[in-house]
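Below: the structure, in structure tokens.
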Amino acid sequence: MMKWTLFIPELYCLFMGVVFFGLAMVSRPNPRRDYFAALFLAGVGVVVALASVRLEGTLFFEAYRVDLFSQVFKVMLAMGFFLVVCLCTELNGIEERHHPEFYLFLTTCTLAMMMLVSSVELLTIYVALELSSYSLYILVPLRRGYGIDVEAGIKYLMVGASASAVMLFGLSYIFGVTHTTYVAEIIQVLPTVIGTPAAIVGLLLTLCGFFFKLAVFPFHFWAPDVYQGAANQVTAYIATASKVAAVAIIMRMVALTGGSSTYLVDVLVTLSIASMTLGNLVAIVQKDMKRLLAYSSISHAGYVLIGILSMSTTGYASAIFYILAYLVMNLCCFLVVVKVAHDGSDLKIAQLAGLHHRSPLLAMALMLAVFGLAGIPPTIGFTGKFLVFTAAMEKGYVALVIIAMINATISLYYYILVVKAAYLLEPDEELPRLSVSLPTKVLTVVLVTVMVVFGVAPSYLLEVARAAARMLM
Amino acid sequence: MSMEFANFPYLSAILLSCVVGLLVILFIPAERKMLIKWVSLVSAGIAMALSIYLFFAYDKAQGGLQFVEKVLWVESMGIYYFNAADGFNLPMLMLTGIVLFTGVLTMWDLETRVKEFFAFTFLLVAGVFGVFMSMDLFFIFVWYDVSLFPMYPLIAIWGSTRKEYGAMKLTLYLLAGSALILPGIIYLFVNSGLNTFDVVALMQPGTFTPFQQKFAFILLYLGFGILAGVWPFHTWSPVGHVAAPTAVSMIHAGVLMKLGAFGVLRVAIFLCPEGWQYWAQLMAVLATCGIVYGAFVGLAQTDLKYVIGYSSVSHMGIVGLGLATVTIDGLNGAVFQMFAHGVMTALLFSSVGYIYDRTHTKMIPELGGLSKTMPIASGYFILAALAGIGVPCLASFWAELLVFISSFKVYPVRGALAICALVVGALFMLRVVQRTFYGEKNEKFAHIPDVTFVQGIPRMILVAVIVIFGLFPSLMLDVVQTAVVPFINGLP
């Protein structure tokens, strides 16, 4: 087998990018053509990613590693990309002449994240991360006419650039301590010197860059504004695919210590508790659906960290499972957001009123998705939390688990408010039924089925996650 | 051994009848209300018939777990789909079947959002059945939560009297309870070192150290106890009962609160017997507080449903007291009381529901003299009230008797207090009966028709159950004994 076949998912993304670049060159805007092109290409992308899931090997002078861990994440990224494209039937938040660019930058961002999850060399990691960030810096202010988009774009750029700077500084420390930029070699050296301040500071500063991506406290400030300011589909992408990549790379970095640093664990526990608590408490007062989801994502970053800080195979596996669950549930929420606010505006929670008769299917999907986010069985969200908590309990973090569960109860309050809006409140004026096209119905049913079936029968996914997690150890 | 199946999976069939009913309802257009009701009735009927059949088909001479269904579900974590019936859960399964069936009949006149109502109801009941029959910690928790969250829409959409507040309070309280249960369960799973969620495997003596048992027990007891209405975590319960629509009140007070007590029994007491003995004193104190408090607060209520709500707190206290005695009689009485109280409360709420739907009030001062306008409807309520007081020949009598005898032996002071509270309870029930059904007739309600025969069917069923088990308590006790005696005798 030729070595370049390892690089097929990324090459395919590059190819998609070229296609969209070509479409952007064509003068006359044609949203339907762009949409179907994107849908088809993204769909094939998922197939390509799935087909290459068993590949293994290294590329580019050992800087790039293809293994089950990276391939599983690439599948998730391809799926996230595909599902976000599925939401673009009515891309009203972005001007028609910018549609090809929108898809182009989504593609480059996906490409960058795919590279990120495979990179095992510090500079490659940095380059991949920046490529994904820059794509998003452009995507966020692409939204038309609402004014907040520019503020969101600038905020994202500023915070993102600072985080990058901090991360580079941290990388320099790690290089200084270990004299190498290769992760495989760092993993040999770092556990022996992890007690030294330079190593721990370097690692923490490096993690800051990724915490920014995941919106972990205290790097969460951008999230609510960017979620609200960006077009709904872009927010969906930032909320899902981008988080998946962040989790992957954080796991890779934390695994570097070989589980030997109690100091790092303490820091992660603190950040995790702070993220959960802050996200959940602030979410309670939100009126805007996307802002609510932003704060909920901050709290979920905290839950994922619980899995990661367990630093065991079960812990990493639970985090992989959790982020997959989060991807599905969040996309389901955004599906409803996009469909209800089909003119591309922001969705207030109050605007969900009467959803249960405007579209019973969407209402049910929303209810399951938010209950899933709250961690209520029989959804995949519960199973994710269950696995994460089990991993933490195995390490003896009883208090952390109890705090996390209390947080889950707090979060339930605002999730219930969403359900209440959809099922209980009636709109002030009679609103027409939402016309939900057949493909959207199918998509909704598929997402709901995935949420419930893998919530009740997680065996298969769990095995995949465990196998992927073993690659880290 | 990864698979083990009885000849016919009766227990799964009960679950399936609910789940299939739910799915069928989901695919029926919302306009076809009658069809939805019939589907619900048939599903509920099958579930009830199967649960009653199991109760009587259980081999009492053999005892132990019967009708076992065991399939390995998640290998790497030792999760089993493991259902079985024993003397503890058979009465509960039958109770659920009866209350579900009569609840569906009681809601026969429902006109608003029928489809969603029955869909949520069946989801809830599937969860309840699941908790009662499951012998795997993971599934117990999953079913437990499945049975809780439909309560929110059920109360908030179809309820009355501060329904949104009541629904939110109830949901948050109960799920806060599960926030304690889940760490408790995971704690036991991790510390057992057996990598299994199988209750039978985890029950083996010596699996957990005394400290682990004490720690896990208190988490699980408080977590499940919230749902069982343990004082001082009971405040959600009257509010929720009052806000809920009739059938939901029936299921909720009749069955769901038992879920909490059953969880304490099946999870906390089974797995942490030493923790149980250690905390029994505390359990007895809380239970006695609940009995006394419920009785006295009930005395001051003017809303019929609040009265029943507080009497539930009081009666669930009796269950708690029975569990706290750590004796055979106490446990027998507790399980019997769960059953008897479930049927009795269902009848009470069912009767009040009828009155409220017609008169649009459940305030005691506004009613009055109802026995003259609707003697049959009043009769049902009065009978249930008498059962609540513990009149001989009705089911609760035996249950309460057993609990009080055993608690008097073990905790003389608390037992005596509880018995005194029972007198207060009798007083408040009789006061309600007297003010609502006797005395001056309220002309405003003179035109209201009485319960017809068809409308009376669900109530007749409940009355029949109360009387049968009141006259022949051995029907129940013989089954419960098969589980209680070996368990108590096997205690370390």
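Descriptive notes on the structure:
- In the set B:VAL433, B:VAL454, B:VAL423, only one residue is within 16 Å of B:LEU304 (Cα to Cα), modelled with pLDDT under 85 and out of contact with any strand residue (DSSP E or B) (no Cβ under 9 Å at 6 or more places or on another chain); that residue is B:VAL433.
- A count restricted to the range B:17-35 and to residues that are among the hydrophobic types (A, V, I, L, M, F, W, C) and within 14 Å of chain A (Cβ to nearest Cβ) stands at 9.
- A search for C-beta distances below 7 Å between a residue of the range A:116-130 that is over 15 Å from A:LYS74 (Cβ atoms) and any residue that is small (Gly, Ala, Ser), counting only pairs 6+ apart in sequence or on different chains, returns A:GLU121/A:ALA63; A:THR124/A:ALA63; A:ILE125/A:SER119; A:LEU129/A:GLY209; A:GLU130/A:SER164.
- Yes/no for B:ALA244 being under 21 Å from the mean Cα position of the chain (by Cα), away from chain A (no Cβ under 14 Å) and closer than 22 Å to B:GLY97 by Cβ: yes
- In the range B:164-189, the residues that are open to solvent by 20 Å² or more (accessible area, probe 1.4 Å), over 18 Å from B:PHE270 (Cβ atoms) and either of a type in the set (A, V, I, L, M) or at the interface with chain A (Cβ under 9 Å from one of its Cβ atoms) (or both): B:GLU164, B:MET168, B:LEU172, B:ALA176
- From A:VAL234, A:VAL216, residue being open to solvent by less than 10 Å² (accessible area, probe 1.4 Å), at negative phi and not in a helix (DSSP H, G or I): A:VAL216
- Within the range A:377-388, at least one residue is among the basic types (Lys, Arg), at the interface with another protein chain (Cβ under 10 Å from one of its Cβ atoms) and buried (at least 24 other Cβ atoms within 10 Å of the Cβ).
- Selection of the range A:272-326 for residues being outside any helix (DSSP H, G or I) and either aliphatic (A, V, I, L, M) or open to solvent by less than 10 Å² (accessible area, probe 1.4 Å) (or both) yields A:ILE284, A:VAL285, A:ASP288, A:SER310, A:MET311.
- Positions within the range B:267-286 being under 15 Å from B:ALA334 (Cβ atoms) and open to solvent by 10 Å² or more (accessible area, probe 1.4 Å), in sequence order: B:PHE270, B:LEU286
- The number of residues in the range B:134-162 being farther than 18 Å from B:VAL19 by Cβ, open to solvent by 10 Å² or more (accessible area, probe 1.4 Å) and not aromatic (Phe, Trp, Tyr) comes to 5.
- Annotation note: of A:TYR137, A:TYR156, the sole residue that is open to solvent by 10 Å² or more (accessible area, probe 1.4 Å), in a helix (DSSP H, G or I) and of a type outside the set (S, T, N, Q) is A:TYR137.
- Residue tally, condition open to solvent by less than 50 Å² (accessible area, probe 1.4 Å) and more than 15 Å from A:LEU104 (Cα to Cα), over the range A:17-43: 1
- B:ALA61, sole failed condition from (1) surrounded by 21 or more Cβ atoms within 10 Å (Cβ to Cβ); (2) of a type in the set (A, V, I, L, M, F, W, C); (3) outside any helix (DSSP H, G or I): (1)
- Selection of first residues in the range A:202-227 that are within 25 Å of A:THR178 (Cβ to Cβ) and of second residues that are open to solvent by 10 Å² or more (accessible area, probe 1.4 Å) and in a loop (DSSP other than H, G, I, E, B), restricted to Cβ pairs under 6 Å at least 6 apart or on distinct chains, gives the following pairs, ordered by first then second residue: A:PHE211/A:PHE219; A:PHE212/A:PHE219.
- When B:VAL335, B:VAL307, B:VAL297, B:VAL264 are screened for being farther than 30 Å from B:PRO492 by Cβ, touching a residue at least 12 places away in the same chain (Cβ under 8 Å), buried (at least 24 other Cβ atoms within 10 Å of the Cβ) and touching a Phe, Trp or Tyr at 6+ places or on another chain (Cβ under 8 Å), only B:VAL307 passes.
- Which listed residue is more than 24 Å from A:GLU151 (Cα to Cα), open to solvent by 20 Å² or more (accessible area, probe 1.4 Å) and either assigned to a loop (DSSP other than H, G, I, E, B) or in contact with a Phe, Trp or Tyr (Cβ under 8 Å, 6 or more places away or on another chain) (or both), from A:GLY258, A:GLY202: A:GLY258
- Subset of the range A:427-450 [within 14 Å of chain B (Cβ to nearest Cβ) and touching a residue at least 40 places away in the same chain (Cβ under 8 Å)]: A:ARG433, A:LYS441, A:THR444, A:VAL445, A:VAL448
- Residue within the range B:424-444 that is over 22 Å from B:LEU348 (Cα atoms), open to solvent by 50 Å² or more (accessible area, probe 1.4 Å) and either touching a His at 6+ places or on another chain (Cβ under 8 Å) or in a helix (DSSP H, G or I) (or both) present: yes
- Qualifying residue in the range B:227-236 (condition: more than 9 Å from every other protein chain (Cβ to nearest Cβ) and hydroxyl-bearing (Ser, Thr, Tyr)): yes
- Residues that are among the hydrophobic types (A, V, I, L, M, F, W, C), surrounded by 24 or more Cβ atoms within 10 Å (Cβ to Cβ) and touching a Ser or Thr at 6+ places or on another chain (Cβ under 7 Å) number at least 2 in the following helices (runs of 4 or more DSSP H) confined to the range B:340-414: B:375-389.
- Residue among B:ALA387, B:ALA483, B:ALA399, B:ALA395 that is under 21 Å from B:LEU105 (Cβ atoms), touching a Phe, Trp or Tyr at 6+ places or on another chain (Cβ under 7 Å) and not charged (D, E, K, R): B:ALA395
The values are calculated or read from the model by the stated rules, or taken from the named source; none is laboratory data. This is a predicted model, so every value here is computed, not measured. Methodologically, a virtual Cβ is constructed for each residue, glycine included, from the backbone with ideal geometry; neighbour enumeration extends over all protein chains shown. Side chains are part of the model used for accessible areas, which takes the heavy atoms of the whole protein and leaves out ligands, DNA and RNA. Shrake-Rupley method; radii C 1.70, N 1.55, O 1.52, S 1.80 Å.
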